[in-house]
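Notes follow once the structure below has been shown.
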Amino acid sequence: MQEREVHALAAVEHRHWWYRSLHRRVLRLLRQEARRLGRPLVVFDAGCGTGGLLQELKHQPFLAGAAGCELDPVALAYCHQRGLPVESLSVNALDRCPHRYDVVLSMDVLYHQGVKPAVALRGMAQLLRPGGLLLLNVAAMPCLRRPHDGRVMGVRRFRPRPLRRLVEGAGLRPESLHYWNAWLTPLLWVKLQLRRWRLAPRESMRKEDRATSEVALPPPVLNRLLLLLLRLEELLAPWLPLPWGSSLFLKARREPTLARR
């Protein structure tokens with residue numbers, strides 16, 4: 001990940017509409033899992049970035065503990081500045097972790113160029129206690145690839161069926177898999193097409209590499225509006241089909257009989 005993108009993310013992730021919506025989804029599912037088990041959870045964030053989500057989890061009453069790993073040295077420094085228990089470890093090497101967790105989180109990690117998705121998912125499965133829960137968010141739809149992906153070293157976007165196969169191959173049983181940020185996706189796609197048609201490809205990439213980060217915080221009114229829009233989408237999703245979206249969110253469980261590899 002480009003260093004300036006790490007700093008940009010750390011500056012806005014607690015306020016930016018997209019990250020707040022993602023974190024809210026995760027917190028809701030963690031509450032549900034704690035109620036199901038009847039006790040606080042122990043959680044691991046695989047590839048936790050600058051630690052924004054872990055920081056939100058830190059004081060939640062439904063958690064007994066939360067740790068994570070991150071390989072990027074700049075992001076890792078932010079985690080340590082925030083007093084978070086994060087170790088320097090690749091998600092390709094999670095089999096080195098001796099502990100087991102009720103829930104493993106992985107938010108927008110599998111599309112990174114240094115990640116081997118099948119290896120990382122097997123490692124996440126091994127981190128889970130039998131019957132444990134994986135919450136996974138990934139960038140979706142290859143047609144939505146944009147300059148931000150390059151700045152964060154993202155090289156792949158996922159479709160539902162291949163992602164499901166990867167997860168099942170790791171010994172995990174998907175319980176739900178759905179697109180989100182669906183209502184804004186057509187606007188995003190149109191914006192990307194206009195950008196590609198307007199500029200010559202090489203010059204476009206040079207200009208966009210120098211452009212302002214896409215994780216910059218929008219004006220407060222727009223930020224609140226977009227957050228409310230995603231909240232409405234989340235509430236209506238059980239009744240309205242979401243045939244596309246800029247992200248895929250997956251909930252899966254470790255099979256109780258998964259053997260250690």
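The values are calculated or read from the model by the stated rules, or taken from the named source; none is laboratory data. No experiment lies behind these values; they were computed from the predicted model shown. We place every Cβ from the backbone using ideal geometry, glycine too, and count neighbours over all the protein chains shown.
If you take the residues in the stretch 20-45 that are of a type outside the set (V, I, T) and in a strand (DSSP E or B), which one is nearest to the chain's Cα centre (by Cα)?
Of all residues in the stretch 20-45, those of a type outside the set (V, I, T) come to 20-25, 27-41, 44-45.
In the following step, the residues that additionally are in a strand (DSSP E or B) were identified as 41, 44-45.
On the way: L41: 19, F44: 13, D45: 10 Å.
Once the filter is applied, the top-ranked residue is D45.
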message: Go through the stretch 150-179 and report how many residues are buried (at least 17 other Cβ atoms within 10 Å of the Cβ) and more than 21 Å from L121 (Cα to Cα).
response: 1
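Could you run through the stretch 49-80 and say how many residues are assigned to a loop (DSSP other than H, G, I, E, B) and aliphatic (A, V, I, L, M)?
1
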message: Please determine whether any residue of the stretch 89-112 is farther than 26 Å from R20 by Cα, in contact with an Asp or Glu (Cβ under 9 Å, 6 or more places away or on another chain), not aromatic (F, W, Y) and not in a helix (DSSP H, G or I).
response: yes
- request: Look at P256 and say whether it is within 25 Å of V167 (Cα to Cα), assigned to a loop (DSSP other than H, G, I, E, B) and at pLDDT 75 or above.
  value: yes
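Of a type in the set (K, R) and touching a residue at least 24 places away in the same chain (Cβ under 8 Å): which single residue out of R173, R165 fits that description?
On the way: R165 fails: touching a residue at least 24 places away in the same chain (Cβ under 8 Å).
Exactly one residue qualifies, and that residue is R173.
Looking at the stretch 152-166, is at least one residue among the aliphatic types (A, V, I, L, M), at pLDDT 90 or above and touching a Pro at 6+ places or on another chain (Cβ under 6 Å)?
First pass over the stretch 152-166, keeping only residues among the aliphatic types (A, V, I, L, M): 152-153, 155, 163, 166.
From the residues that got through so far, the ones that are at pLDDT 90 or above too are 163, 166.
Checking which are touching a Pro at 6+ places or on another chain (Cβ under 6 Å) leaves us with 166.
Scanning the stretch 152-166, I find at least one residue that is among the aliphatic types (A, V, I, L, M), at pLDDT 90 or above and touching a Pro at 6+ places or on another chain (Cβ under 6 Å), so the answer is yes.
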task: Please work out which residue is farthest from K116 (Cα to Cα), limiting yourself to the stretch 147-175 and to residues that are touching a helix residue (DSSP H, G or I) at 6+ places or on another chain (Cβ under 6 Å) and of a type outside the set (A, V, I, L, M).
output: P147
field: Single residue of the stretch 108-127 satisfying the filter (buried (at least 17 other Cβ atoms within 10 Å of the Cβ), over 15 Å from the mean Cα position of the chain (by Cα) and among the small types (G, A, S)) that is farthest from R151 (Cα to Cα)
entry: A125
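State all residues of the stretch 154-201 that are closer than 30 Å to R129 by Cα and assigned to a helix (DSSP H, G or I); if no residue qualifies, say none. Let's see the steps before the verdict.
Residues of the stretch 154-201 closer than 30 Å to R129 by Cα: 154, 156-180.
Selection gives P160, R161, P162, L163, R164, R165, L166, V167, E168, G169.
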- prompt: Would the stretch 81-88 turn up any residue that is in a helix (DSSP H, G or I), surrounded by fewer than 23 Cβ atoms within 10 Å (Cβ to Cβ) and of a type outside the set (D, E, K, R)?
  reply: yes
task: Of the conditions (1) surrounded by 18 or more Cβ atoms within 10 Å (Cβ to Cβ); (2) modelled with pLDDT under 95; (3) among the acidic types (D, E), E70 clears all except one; give me its number.
output: (2)
query: List the pairs whose first member sits in the stretch 58-86 and is over 19 Å from M124 (Cα atoms), whose second member is of a type in the set (S, T, N, Q) and part of a helix (DSSP H, G or I), and whose Cβ atoms are under 6 Å apart, counting only residues at least 6 apart or on separate chains?
result: R82/Q55
